[in-house]
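Remarks on the structure that follows.
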Amino acid sequence: MSTPAEHHQSAPQIAQGTEHAQGAAIKAIPLRHPWRVIIAVVLVAFIAIFVADASQRADYGWADVGKYIFDKRISQAALITLELTVYSMVIAIVLGLLLAIMRLSPNPVVKGIAWLYLWLFRGTPVYVQLVFWGIVSLIYPVLTIGIPFGTPWVSIPNDVFHNLFVTAIIGLALNEAAYMSEIVRAGLLSVDEGQEEASRALAMSWGQTMRYVVVPQAMKIIIPPTGNEVISMLKTTSLVAAIPLSIDLYGVSRGISAVTFTPVPLLIVASLWYLLFTSVLMVGQHFIEKRFSRGTGRRKADKEPDGGGGTTTAVAGTPLGAPTLGGQLTGTDFGGKR
Amino acid sequence: MSEASVSTSLPMVHADCVSKSFGSNKVLRSISLTVNRGEVLCIVGPSGSGKSTFLRCINHLERVDAGRLAVEGQLVGYRQKGDKLYELKPKEAAFQRRDIGMVFQRFNLFPHLTAVENIIQAPMRVKRMSKSAATARARELLERVGLGDKADYYPAHLSGGQQQRVAIARALAMDPKLMLFDEPTSALDPELVGEVLDVMKELAASGMTMIVVTHEMGFAREVADSLVFMDGGVVVEAGAPGEILGNPQHDRTKAFLSKVL
Ligand SMILES: Nc1ncnc2c1ncn2[C@@H]1O[C@H](COP(=O)(O)OP(=O)(O)OP(=O)(O)O)[C@@H](O)[C@H]1O
Ligand SMILES: [Mg+2]
């Protein structure tokens, strides 16, 4: 290893490399991948043709896309979609954590209840559940407390479900909680038993063990799929039409197109907004994942407390719209995940 | 706590006919032994003989089925009222563990925390120590185990021997009266065993009461005040390490020692 400094400088010139005795960069003809090139060329050609064709097809109504993309009604509806996503996910995560802990409980009744919940909410379509929550106030017009089949002590009108926005959040959250509980459970189970044992041996309580030892380590397992769930939820909100709620992004664009008879441009407008949001979420997910994988990398990496301020600052510098998002057109009533 | 003056004369650990089963598997059968304050007891024996289980009973990570197990005269995991025993609440059991440190074969450091953060957790959460005080103490302890310069390293970036020394420092941070070691060097590369044993020797010399499950006969001979050979959940032979290692009485002890020495 007597390599002098100039070898390091010449390292990038591998391809044209000069002959050196010891420690010289390897000079070899790189493996060729002709099929990769051919397939890529063909695909790019297809996309180019498709785009060229679409740009002059009347049905796409590009002028209308431009007109509606920043329409006040659309951007407000996009905000509603975001709110539906955030509120229902927050509730789902909390409820999911609770259900996960219940499923790990030694008490068979508690365990059974959590299992039953999962069976019911994961076993039926979210669309059907949303329809049900939409009509639940007709089935249960008043909520009563008292002896079953006796005169009620207290009865309150079932008002909650008259607010369709709240109904949508409840419906989405209850469904999502079932999925979240499985994710959280897998995360908690992934933490080595020795961790809990060490924590208990240090006289920490069960709650402290969970909070300071188990959950932080489980996060690494929980976060990536949770990010997927958030992205998925963003699109699932388009199913609130089943309640029926129509103030969300898809609902409003459908409403506009029903008047203007131009469905395609408004589908494109809605899709572009969904794509924008999912792209931002993907970037945010990347940074949160990095934050929670501390202590696992080989390098002594990012020790700094909060990894530089998370989601919001990160967005600007990163390319948006990764290719995996392509093809996930949101839109039809039945087009959601489940 | 009012018995503090009395407790100095009580043995640190007193086991009287302790038994423990997992289902139909009798893992401990009537174990009786005594460890006095400041003593080092080494436990040796073949795999599956119940050594770990016995250690885990002492700080109530496992519960004892029969017999009496007391640390400084206090029953472990139970409270006696009249002639009835009451199981302790989790909180009370945790309180008993405050004075007992434990070191594991596989270190069990918290991988998401740095060395110093590993050490300050229990003092902060359990003893409600301030972060700065706990950190200062943690740095002292790291210095003591020879890792003053590794305070901000994550466990993944430390060698096995260094990790185990951090684990010892983590246990010491609670100022235990008793330290339990469960094969602390078994998971280490041979050249790293010495650095951990050195820390343990220093600890023994400082007067710490220790129970050490180990296969390091040299350590047992040099440091232990007494040695116990366990097999099949019973204490086969107990006594001074020199005697047992030099002149074992039982065939099972002889067979075991011929394999490990
Ligand atoms: N939690 C448990 N549930 C059921 N059986 C267990 C449990 N822990 C230990 N055992 C059993 O108890 C017996 C004694 O185990 P223990 O770990 O105490 O042995 P050991 O002497 O420490 O062995 P080693 O040298 O391999 O660590 C073994 O047969 C083991 O399978
Ligand atoms: Mg063991």
Mind ranking A:Phe149, B:Phe54 by accessible surface for me, highest first, 1.4 Å probe? A:Phe149, B:Phe54
Using the heavy atoms of the protein chains alone and a 1.4 angstrom probe, what is the accessible area of region B:51-123 per residue in square angstrom? 42
Give the calculated FRET efficiency between B:Lys177 and B:Ala205 to the nearest 0.05, with a Förster radius of 22 Å applied to their Cβ-Cβ distance. 0.85
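Would you please give the FRET efficiency between A:Trp206 and A:Thr144, computed as 1/(1 + (r/R0)^6) with r the Cβ-Cβ distance and R0 = 41 Å, to the nearest 0.05?
Details: r = 37 Å, r/R0 = 0.91.
Calculated value: 0.65.
Which sequence of A:Lys111, B:Lys26 reflects their accessible areas, 1.4 Å probe, from the largest down? Please list the in-between numbers first.
Working: A:Lys111 90, B:Lys26 115 Å².
Putting A:Lys111, B:Lys26 in descending order of accessible area: B:Lys26, A:Lys111.
Tell me the mean residue ellipticity at 222 nm calculated for chain B from its helices only (DSSP H runs of n ≥ 4, each -39500 (n - 2.57), averaged over every residue, nearest 500).
That calculation yields -11000 deg cm²/dmol at 222 nm.
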Using every alpha carbon pair in region A:91-183, what percent of pairs falls into each 10 Å bin from 0 up to the bin containing the largest distance? 16, 35, 35, 14, 0
Scalar couplings 3J(HN,Hα) for region A:32-39 by Karplus 6.51 cos²θ - 1.76 cosθ + 1.60 (θ = phi - 60°), nearest whole Hz, x for Gly and Pro, are 8, 10, x, 5, 4, 5, 4, 4
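Write down the percent of antiparallel bridges among all DSSP beta bridges whose residues are both part of the protein assembly as shown, to the nearest 5. If you can, show how the numbers build up before the last one.
Working: 27 of 44 bridges.
Close to 60 percent.
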Sequence-separation-based contact order of chain B, relative, with Cα cut under 8 Å and 6+ spacing, percent: 25
Classify chain B: rounded, prolate or oblate, from the alpha-carbon gyration tensor (a ≥ b ≥ c, eigenvalue square roots; a/c under 1.5 rounded; otherwise prolate if a/b is larger than b/c)? oblate
Which whole-number percent gives the relative contact order of region B:101-234, counting Cα pairs below 8 Å spaced six or more residues apart? 30
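Specify, per residue and in Å³, the volume enclosed by the convex hull of the alpha carbon atoms belonging to region B:56-170. Before the final figure, lay out the partial values.
Values: hull volume 13.9 nm³, N = 115.
Convex hull volume per residue, Cα atoms: 121 Å³.
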Dipole magnitude (debye, nearest 20) for the protein assembly as shown, charges at Cβ of Lys, Arg, Asp, Glu: 740
5 Å-binned pair-distance histogram of region B:1-131 (Cα, whole percent): 2, 8, 16, 20, 20, 16, 11, 6, 2, 0
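What does the C-alpha gyration tensor say about the overall shape of region A:25-180? Classify as rounded when a/c is under 1.5, otherwise prolate if a/b is larger than b/c, or oblate.
On the way: a/c = 3.68, a/b = 1.72, b/c = 2.14.
Verdict is oblate for region A:25-180.
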If you take the alpha carbon radius of gyration of the protein assembly as shown and divide it by 2.2 N^0.38 Å, what ratio comes out, to two decimals? 1.31
Simple spin-label model, 7 Å along Cα-to-Cβ: B:Glu222 to A:Glu193 in nm? 3.4
By a straight-distance test (C-alpha under 20 Å), which lysines pair with B:Lys131 as possible cross-link partners, with residues fewer than eight away in the same chain excluded? A:Lys303, B:Lys150
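Looking only at Cα atoms, what is the convex hull volume of region B:55-118 per residue, in Å³?
In region B:55-118, the Cα hull volume divided by residue count equals 112 Å³.
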Can you run phi through the Karplus equation (6.51, -1.76, 1.60; θ = phi - 60°) for region B:115-125 and list ³J(HN,Hα) in whole Hz, with x for Gly and Pro? 3, 5, 5, 4, 6, 7, 3, 5, x, 6, 6
What base-10 log of the normalised intensity I(q)/I(0) is obtained for region B:161-261 from the Debye formula, alpha carbons as equal point scatterers, at q = 0.20, 0.23 Å⁻¹? -1.07, -1.28
If every Lys and Arg gets +1 and every Asp and Glu gets -1 at its Cβ, then about the Cα centre region B:133-235 yields a dipole, in debye to the nearest 20, of 360
Let me check something: with ligands and nucleic acids excluded, how do B:Asp189, A:Asp248, B:Asp99 order by accessible area (1.4 Å probe), largest to smallest? B:Asp189, B:Asp99, A:Asp248
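Give me the percent relative contact order of region A:135-266, please, defined on Cα pairs under 8 angstrom at least 6 residues apart.
Values: 89 pairs, mean separation 24.8, N = 132.
It comes to 19 percent, rounded to a whole number.
Going by the alpha-carbon gyration tensor, a ≥ b ≥ c the square roots of its eigenvalues, is region A:181-245 rounded (a/c under 1.5) or, if a/c is not under 1.5, prolate (a/b greater than b/c) versus oblate?
The shape class here is prolate.
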To the nearest 10 square angstrom, how much accessible area does B:Cys17 have with a 1.4 angstrom probe? 60
Taking a virtual spin label 7 Å from the Cα of B:Leu261 along the C-beta vector, which residues in region B:18-53 bring their backbone nitrogen under 18 Å of it? B:42-46
FRET efficiency for A:Thr124 and A:Ile38, Cβ-Cβ distance as r, R0 = 41 Å, nearest 0.05? 0.30
Report, ordered by chain and residue number, the aspartates and glutamates lying within cross-link reach of A:Lys27, taken as a straight Cα distance under 12 Å and ignoring same-chain residues fewer than 8 apart. A:Glu19
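The values are calculated or read from the model by the stated rules, or taken from the named source; none is laboratory data. Note that this is a predicted model, so its numbers are computed, not measured. Positions of Cβ are backbone-derived with ideal geometry, glycine not excepted, and every protein chain shown enters the neighbour counts. Only protein heavy atoms, including side chains, enter the accessible area calculation; ligands, DNA and RNA are left aside. Shrake-Rupley method; radii C 1.70, N 1.55, O 1.52, S 1.80 Å.
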